[in-house]
1. Could you count how many residues in the range 159-174 are buried (at least 24 other Cβ atoms within 10 Å of the Cβ) and more than 18 Å from residue 95 (Cα to Cα)?
2. Restricting attention to the range 67-79, report how many residues are at negative phi and at pLDDT below 95.
3. Going by the conditions given, is residue 271 surrounded by 20 or more Cβ atoms within 10 Å (Cβ to Cβ) and out of contact with any helix residue (DSSP H, G or I) (no Cβ under 7 Å at 6 or more places or on another chain)?
4. Restrict the check to the range 157-174 and report whether at least one residue is closer than 17 Å to residue 239 by Cβ, in a strand (DSSP E or B) and in contact with a helix residue (DSSP H, G or I) (Cβ under 9 Å, 6 or more places away or on another chain).
5. Select the strands (runs of 3 or more DSSP E) contained entirely in the range 224-287, then report the ones holding at least 2 residues which are touching a residue at least 40 places away in the same chain (Cβ under 8 Å) and farther than 16 Å from residue 202 by Cβ.
6. Has the range 193-202 got any residue that is surrounded by fewer than 21 Cβ atoms within 10 Å (Cβ to Cβ) and assigned to a strand (DSSP E or B)?
7. Could you tell me whether any residue of the range 206-213 is more than 20 Å from residue 262 (Cα to Cα), touching a residue at least 60 places away in the same chain (Cβ under 8 Å), surrounded by 13 or more Cβ atoms within 10 Å (Cβ to Cβ) and within 18 Å of the chain's Cα centre (by Cα)?
């Protein structure tokens, strides 16, 4: 299934995308898509629905984040071999984890705001893992049973705050408002045969910047879920984004960063696409 939420920000309704690419309304069956929806039994009940009997949503509504109730937004750094090489960093011996604040979450096609006083805004296409069952100190072999599905994410990053004004941690440059576009939908595990066999790509103004493959990941999705479960309890609705392929703006020579008026488009195998317009945050610039 491809679960989604549609409508104005803060007023999203639950839905799904059918095999014909039409949005079907689920609000007659669900109040919303949240952590309880992601339980295997609940997902099984939704999968059994005759989707063609559900109401069609007309037009092209705004899409929000595909589910609500993301308690933890965990990001993984330097998890692609080629990206670690372009960053001039050694291959990590353990996953590098950092937080993205949940206030950064937005819909897949919402604008990206350039924070005031910032000019080193970068892009990172990523595969997201959505937790469906509580996971605490689980094995790699058991990890897939705790995954509800996968999604596309853009780990938008402000490099000055991440690296030079970080105070020793990356979250500061990764958590500005609008820096966490998610979606367009949550793809349940039955539609992703192998999360390590997916293409990921990202364009800026129609020019390809990133073209990667999850086979290049240093730590697999199962390894990441298991590892994270040993340092925190993962709850239904939690999101782990799994690192980015090579091709970020910071890695270009010379570096190339996003500016107001740019358009970012990204996608992945079976995950759909996102398109974001880059705009400057209104208000007085920092002095």
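1. Looking only at that region, the number is 1.
2. 1
3. Yes: the conditions hold for residue 271.
4. yes
5. Answer list for the range 224-287: 239-241, 272-280.
6. The answer is yes, given that some residue of the range 193-202 is surrounded by fewer than 21 Cβ atoms within 10 Å (Cβ to Cβ) and assigned to a strand (DSSP E or B).
7. Checking the range 206-213: at least one residue is more than 20 Å from residue 262 (Cα to Cα), touching a residue at least 60 places away in the same chain (Cβ under 8 Å), surrounded by 13 or more Cβ atoms within 10 Å (Cβ to Cβ) and within 18 Å of the chain's Cα centre (by Cα).
Results for (1) touching a helix residue (DSSP H, G or I) at 6+ places or on another chain (Cβ under 9 Å); (2) over 26 Å from residue 250 (Cα atoms); (3) at pLDDT below 95, shown as yes or no for each residue.
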{"site": "188", "(1), (2), (3)": "yes, yes, no"}
{"site": "193", "(1), (2), (3)": "no, yes, yes"}
{"site": "196", "(1), (2), (3)": "yes, no, no"}
{"site": "199", "(1), (2), (3)": "yes, no, no"}
{"site": "204", "(1), (2), (3)": "yes, no, no"}
{"site": "208", "(1), (2), (3)": "no, no, no"}
{"site": "212", "(1), (2), (3)": "yes, no, no"}
{"site": "218", "(1), (2), (3)": "yes, no, no"}
{"site": "222", "(1), (2), (3)": "yes, yes, no"}
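The values are calculated or read from the model by the stated rules, or taken from the named source; none is laboratory data. Just so it is clear, the structure is predicted and the values come from calculations on it, not from any experiment. In this analysis, Cβ positions are derived from the backbone assuming ideal geometry, glycine residues included, and neighbour counts consider all displayed protein chains.
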